[in-house]
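What follows is one structure encoded as structure tokens, with my remarks underneath.
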Amino acid sequence: MAELEARLALAVGRREGYTSLVATEALAAGGKRLRPLLCFLSSDGNETEALLAAGVATELVHMATLVHDDLVDGARMRRGVPAAWSVFGPGAALSAGDYLFACAFAELAAVEDSLAVETLADACLALARGEAMQRRQTRCPETTIDDYLERCALKTGKLFEAACRLGSGGDSDLGAYGLALGIAFQIADDILDCAGQTQETGKIPGTDLREGTPTMPLLLAAAQDEVVYQALAGGSLDGALVRVAGTDALERSREAALDYAAKARSCIGSAVHREELEALTYAVVDRAS
């Protein structure tokens, strides 16, 4: 992981210019580095240049989506620091996100692994489809839980899946592990948006409700409480977040996250790093406890 940080800095700073500077600032905001960690834990334990390139590439794609998401959503904070667009402007943030995507594929191209490029490209296409789905679902409290879960799979799960497939050389079981883990991770994130603290999440609680993003806890609460329903549809937000906690939506969402975590564990098989992969399934959900 230490080598990963050095390679991330090298990849982002390889080309001089203002866009590279903005991207470097986004990198400095830090992060869990969960996707490259999945690359490494899905491998057979042999450290190779291709494995490191895959870890760098998946993290750069993730960073690119965050920079673009903050711009599209108008979110001024990311991980407790100002978002790139709020410091450097929308145009610079848009260019920085595009630059990070390009850097990601440059890493894979350098090791001449066409299958890895195809795997990451498929994940990026899924990300784009998931973002388009979220735009269609915005301020729609009638969104079904199945549609929400499909969005989670596209926006979060598919990049987790790609990380595991890249690390394992294409193992489909570990890919399924990553997909299920990603969905569990996203549900837990959405619970935290309703019930977490800013110092824990790096975001202001209630962001999803204010932006009209229909998450599992908000959808379940909206089905029980008219105030939450109207708030999610774009109405008054007064007292709505408190009323979410007054329903069983958070508990039911956590149960769903636990179910996906268990599904992920069932896919691990005899992986070299089985214990660490199992531990991750508990860790991603325990954040929302």
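The values are calculated or read from the model by the stated rules, or taken from the named source; none is laboratory data. A quick note: this is a predicted structure, and the numbers were derived from the prediction, not measured. Cβ placement follows ideal geometry from the backbone for every residue including glycine, while neighbour counts extend to all protein chains displayed. Protein only, heavy atoms only, side chains kept; ligands, DNA and RNA dropped before computing areas. Shrake-Rupley method; radii C 1.70, N 1.55, O 1.52, S 1.80 Å.
Relative contact order for the chain: what percent, with Cα pairs under 8 Å and sequence separation of 6 or more?
Details: 477 pairs, mean separation 54.6, N = 289.
Once divided by the residue count of the chain, the mean separation gives 19 percent.
Report the full-extension gain for the segment D286 to A28: residue separation times 0.36 nm, less the Cα-Cα distance, to one decimal in nm.
Details: separation 258, 0.36 × 258 = 92.88 nm, distance 2.62 nm.
Extra length from D286 to A28 when fully extended: 90.3 nm.
Per the 1.4 Å probe, what fraction of the accessible area of the chain, in percent, lies on carbon and sulfur atoms? Could the numbers behind the result be given before it?
Details: 6700 of 12740 Å².
For the chain, the apolar C and S fraction of the accessible surface comes to 53 percent.
Do you know the relative contact order of the range 17-88, to the nearest whole percent, from alpha carbon pairs under 8 angstrom that are 6+ apart? Spell out each step's value before the answer.
Values: 45 pairs, mean separation 25.2, N = 72.
Reported relative contact order: 35 percent.
Label-point separation (nm) for A262 and D73, each offset 7 Å from Cα along Cα-to-Cβ?
Result for the modelled spin labels: 3.0 nm.
Calculate the length of the line joining the C-alpha centroid of the range 144-194 to that of the range 39-98, in whole Å.
Answer, in whole Å: 17.
Full extension from V111 to V242: what is 0.36 nm times the residue separation minus their Cα-Cα distance, to one decimal in nm?
Numbers: separation 131, 0.36 × 131 = 47.16 nm, distance 5.10 nm.
Fully extending the segment from V111 to V242 adds 42.1 nm.
So what's the angle, to the nearest 10 degrees on a 0 to 90 scale, between helix 274-286 and the longest Cα principal axis of the chain?
So the helix axis and the longest Cα principal axis differ by about 30 degrees.
Round to the nearest 10 and give me the degree value, 0 to 90, for the angle of helix 2-13's Cα axis relative to the longest principal axis of the chain.
Compared with the principal axis, the helix lies near 90 degrees.
Taking only the alpha carbons of the range 242-288, what extent do you get along each of the three principal axes, in Å, biggest first?
Each principal axis gives a Cα extent; for the range 242-288 these are 45, 16, 6 Å.
Report the FRET efficiency, 1/(1 + (r/R0)^6), for D146 and M1, where r is their Cβ-Cβ distance and R0 is 30 Å, rounded to 0.05. Let's see the in-between values first.
Working: r = 36 Å, r/R0 = 1.21.
Efficiency, from the Cβ-Cβ distance: 0.25.
Counting only protein chains, not ligands or nucleic acids, how are D190, D113, D69, D286 ordered by accessible area (probe 1.4 Å), most first?
Values: D190 10, D113 55, D69 30, D286 85 Å².
Sorted by accessible area, descending: D286, D113, D69, D190.
Any chance you could look up the accessible area of Y99 with a 1.4 Å probe, heavy atoms only, rounded to 10 Å²?
In the full protein context, Y99 sits at about 30 Å².
Set the Förster distance to 22 Å, then compute FRET efficiency between A121 and S172 from the Cβ-Cβ distance, nearest 0.05.
Values: r = 18 Å, r/R0 = 0.81.
After rounding to 0.05, the efficiency reads 0.80.
Remind me, relative contact order of the range 201-250 in percent, using alpha carbon pairs under 8 angstrom and six or more residues apart?
36 percent
For the range 217-226, what does the Karplus curve 6.51 cos²θ - 1.76 cosθ + 1.60, with θ = phi - 60°, yield as ³J(HN,Hα) per residue in whole Hz, taken in order and with x for Gly and Pro?
x, 6, 5, 5, 5, 5, 5, 10, 10, 5
Scan around R78 for amide H atoms under 5 Å from its own, H built in the peptide plane at 1.01 Å from N, and keep only partners 5 or more places away or cross-chain.
For R78, whose amide H was placed from the backbone, the distant partners under 5 Å are A83.
For the Cα atoms of the chain, what angle does the longest principal axis make with the long axis of helix 18-28, in degrees from 0 to 90, nearest 10?
70 degrees
Per residue, what accessible area does the chain have, given a 1.4 Å probe and all protein chains present, in Å²?
Ligands and nucleic acids excluded, the result is 44 Å² per residue.
Output wanted: per-residue J couplings in Hz (rounded whole) for the range 112-127, from phi through Karplus 6.51 cos²θ - 1.76 cosθ + 1.60, θ = phi - 60°, x for Gly and Pro.
6, 10, 5, 5, 5, 4, 4, 4, 6, 5, 4, 5, 5, 4, 5, 4
Ranked by accessible surface with a 1.4 Å probe, highest first, in what order do K263, K155 come?
Descending order: K263, K155.
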